[in-house]
Amino acid sequence: MPVISMDFEDLIERLKISRQKYLKNLFSTSRDPHLKKLILKEMRKWEIEDRELLTSSLEESHPAILVETLRCCYKLSIPLTNKIYESFIDSKDDNIRAALVLYSERVLPWLTIEEIKEFLTDHSPKVRKAAIKRLKDQLELRELRVFVDDPSISVKNEALKLIIEKSNDIREIIWVFQHSNSQRSTLKKALKKVAIISKDYLLDLLKSEKRENIEVLIIEALKDSPCWKLKEILLPYLEKKKEDTQLIAKIIFSLSFSCKGDEEIFKKLELFLDSKSSLLRKNTLRALRRLSKENINVKKILEMLDDPDPEVSKEALNTLSLLGVKDVERQISLFLSSKDDSMRKTALVAVKRLKLKEFEGILLNIVRADENLEIKKAALRGLYAIKSQSLEEVIRDILLLPMINFELKYLAARMAIRSYPSLVTQL
């Protein structure tokens with residue numbers, strides 16, 4: 001195993017060098033700011049370090065390129081000069097100033113905590129929010145509470161999230177999610193923290209009159225509670241609140257998560273496969289994946305491949321392929337001809353799971369010609385799963401052509417190391 005690991009690392013480094021030359025040339029010749037941003041993003045993701053390119057990109061005038069360059073410098077721990085800092089901090093673009101503050105730990109290592117704290121009172125909400133995120137480990141609860149009345153909702157919610165994270169006082173956390181104008185993500189974070197401290201508190205809150213408008217979030221936060229407790233409280237909701245599809249959908253999710261082996265629960269949930277609500281049909285299909293094929297009405301799910309809602313049809317195919325049901329070739333063919341990439345990806349994942357060799361030709365065409373990276377990756381995984389005779393040639397092309405996206409190269413490299421060691425030696 002260590003030898004394989006070293007071979008893989010060596011192959012990736014060689015691919016990075018080849019890709020770096022290609023990206024550097026593309027960056028220097030392009031005038032498209034969007035393309036330049038994508039090049040920097042790829043270099044950051046794969047830690048392709050080119051200080052010369054980053055230095056030249058710091059001289060660009062487009063804000064999006066400068067922000068992405070700062071992200072790269074942060075990822076690679078490349079500090080800026082004081083001269084660049086002074087030119088950026090006086091920028092009229094708040095995105096640049098906010099990025100400078102957010103990534104200051106590595107790009108401006110000489111700045112003290114007290115100097116960074118000065119940005120907490122900046123006129124720009126983006127800069128204030130960036131300063132809070134940058135100082136999340138240094139700010140105390142009393143300092144964060146100051147921002148609860150900040151005129152900017154985004155600044156206020158950033159502070160509230162940190163209060164939730166740092167506090168172990170249920171009363172304070174409850175106050176946070178009851179505080180006016182809190183974003184939904186902040187409410188979810190608060191309830192999740194309360195669930196960690198005391199699930200009983202949330203269960204009592206669900207029974208109380210104060211739960212209005214947050215029932216769905218409470219039920220979601222309770223998803224990993226003991227099954228017997230959830231059954232006692234949530235099963236009555238299935239009848240009482242059957243018109244509230246959002247609430248019932250969350251109940252289905254929470255019960256299936258906590259009561260994986262409870263056949264009584266799944267028999268009750270299975271009834272929602274006939275619901276008029278596509279949301280409930282979809283969530284029920286997801287819930288039923290937690291059962292074995294022997295305990296599921298496979299015939300019913302096969303019928304749902306023709307559901308009028310394409311999202312439900314997609315979920316049915318996903319469920320059947322996870323269960324290993326192979327009578328789905330017709331639906332896979334329909335999905336592969338769709339213009340919806342999410343439906344095509346669902347079909348490709350099903351081909352991989354079920355190892356359906358009859359789709360080999362389509363998979364090869366997708367890998368060679370499709371423009372969507374995620375679709376190409378799914379097709380390549382499918383070719384690997386069905387042990388395609390053409391796979392070695394496909395992998396060689398991906399690894400040798402410099403213009404191929406590095407994410408696809410990385411996937412191909414992993415396959416080459418596992419199954420084609422002679423190809424790795426040739427490269």
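Which one of I265, I301 is among the β-branched types (V, I, T), more than 30 Å from L356 (Cβ to Cβ) and assigned to a helix (DSSP H, G or I)? Exactly one residue qualifies, and that residue is I265.
Only one entry of D327, D309, D370 meets the criterion of being in contact with a helix residue (DSSP H, G or I) (Cβ under 7 Å, 6 or more places away or on another chain) and modelled with pLDDT of 95 or more, and that entry is D309. Examine segment 396-414 for a residue that is surrounded by fewer than 20 Cβ atoms within 10 Å (Cβ to Cβ) and over 21 Å from E42 (Cα atoms), and state whether such a residue exists. Yes: one or more hits.
Suppose we keep only residues that are among the aliphatic types (A, V, I, L, M) and more than 25 Å from the chain's Cα centre (by Cα) within segment 102-126. Which one would you say is nearest to D149 (Cα to Cα)? In this case the residue turns out to be L120. Residues that are under 20 Å from D7 (Cα atoms) number at least 3 in the following helices (runs of 4 or more DSSP H) confined to segment 324-427: 391-400, 406-419, 421-426.
When R134, R97 are screened for being charged (D, E, K, R), within 15 Å of T69 (Cα to Cα), surrounded by 14 or more Cβ atoms within 10 Å (Cβ to Cβ) and free of Cβ contacts under 8 Å to residues at least 40 places away in the same chain, only R97 passes. Taking residues in segment 312-330 that are β-branched (V, I, T), and partners anywhere that are assigned to a loop (DSSP other than H, G, I, E, B), the pairs with Cβ atoms closer than 6 Å and at least 6 places apart or on different chains are T319/R289.
Residues of segment 194-240 that are of a type in the set (G, A, S) and either part of a helix (DSSP H, G or I) or touching a Leu at 6+ places or on another chain (Cβ under 8 Å) (or both): A195, A221, S225. Would you call N318 within 24 Å of the chain's Cα centre (by Cα), closer than 30 Å to K357 by Cα and assigned to a helix (DSSP H, G or I)? In short, yes.
For N181, all conditions in the list (1) under 26 Å from I233 (Cβ atoms); (2) loosely packed, with under 15 Cβ neighbours inside 10 Å; (3) modelled with pLDDT under 80; (4) of a type outside the set (A, V, I, L, M) hold save one; what is the number of the exception? Going through (1) under 26 Å from I233 (Cβ atoms); (2) loosely packed, with under 15 Cβ neighbours inside 10 Å; (3) modelled with pLDDT under 80; (4) of a type outside the set (A, V, I, L, M) one by one, N181 breaks only (1).
The values are calculated or read from the model by the stated rules, or taken from the named source; none is laboratory data. Everything numeric here is computed off the predicted structure, so don't read it as measured data. In this analysis, Cβ positions are derived from the backbone assuming ideal geometry, glycine residues included, and neighbour counts consider all displayed protein chains.
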